[in-house]
Amino acid sequence: MKMYIMRHGETTGDVEGRFGGAYDDALSEDGVAQARGLADELRDRLREDGIERILASDLVRAQQTAAFLGSALGIDVDTEPRWRERDQYAGLSGMVKAEARREHPELVEKLKDRLFTAPGAESYADFAARIAAVFDDVVAAGKPAVLVGHGGCLRVVFRDILRMGELTEIGDCCWVELIREEAGWRVGGSRRIGFGFNQEV
């Protein structure tokens, strides 16, 4: 079985230096070009691998990115709310980071620890559990699929689900191919993503 996991393109929030998470920003102009390029880059590969399903986070940036893939492959995109990014920043979501550091320096410092849960935010444990549930559902379906989401989703997959380790880079419109064999999962192709570990389990 094969599964492709991807991150959305650059967003308006990235350009403006805002805290993301649950902030529902759209792709920037460059992000749209990246998403279009991603679809062109992977069209033939995904067709050859028999991809039958595309699932995307319900946040706009992921939906926009997935739409280019769906159009290239002639496949409808299924919205999967459980695949959305972690609501880590709560009241700081969407706030310009420089402004947040001035007004809430202690909170911003605490947020560097992924296990810290800000008031009103989603805990890391809850986030990891819902990402794992989607991953398990896709595996149980047994059909090649694409999942379009966020950096946090990718980190949970490699850190908590596959237990391979940490990612060192998660670029705009990065993608990774996961291949399931008798011995377990291994990484096939990938672009714009860095691994701080042996890519086989």
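Here are some notes:
- Leading residue by the ranking (surrounded by the most Cβ atoms within 10 Å (Cβ to Cβ)) among those in the range 47-62 that are of a type in the set (A, V, I, L, M, F, W, C) and in contact with a helix residue (DSSP H, G or I) (Cβ under 7 Å, 6 or more places away or on another chain): Ala56
- Verdict on Phe68 being crowded, with 20+ Cβ neighbours inside 10 Å and within 16 Å of Thr11 (Cβ to Cβ): yes
- Close pairs (9 angstrom Cβ cut-off, 6 or more residues apart or separate chains): of a type in the set (D, E, K, R) in the range 189-201, modelled with pLDDT under 95 and outside any strand (DSSP E or B) anywhere: Glu200/Ala183
- Count - residues of the range 134-154 that are over 15 Å from Ile54 (Cα atoms), of a type in the set (Gly, Ala, Ser) and under 8 Å from the mean Cα position of the chain (by Cα): 2
- Selection within the range 77-109 - more than 19 Å from the chain's Cα centre (by Cα) and not aliphatic (A, V, I, L, M): Gly91, Lys97, Glu99, Arg101, Arg102, Glu103, His104, Pro105, Glu106, Glu109
- Failed criterion for Ala121 (all others in (1) among the small types (Gly, Ala, Ser); (2) surrounded by 12 or more Cβ atoms within 10 Å (Cβ to Cβ); (3) over 19 Å from the mean Cα position of the chain (by Cα) hold): (3)
The values are calculated or read from the model by the stated rules, or taken from the named source; none is laboratory data. Since this is a predicted model, take the numbers as computed values, not measurements. Positions of Cβ are generated from backbone atoms using ideal geometry, with glycine treated the same way; all protein chains shown enter the neighbour counts.
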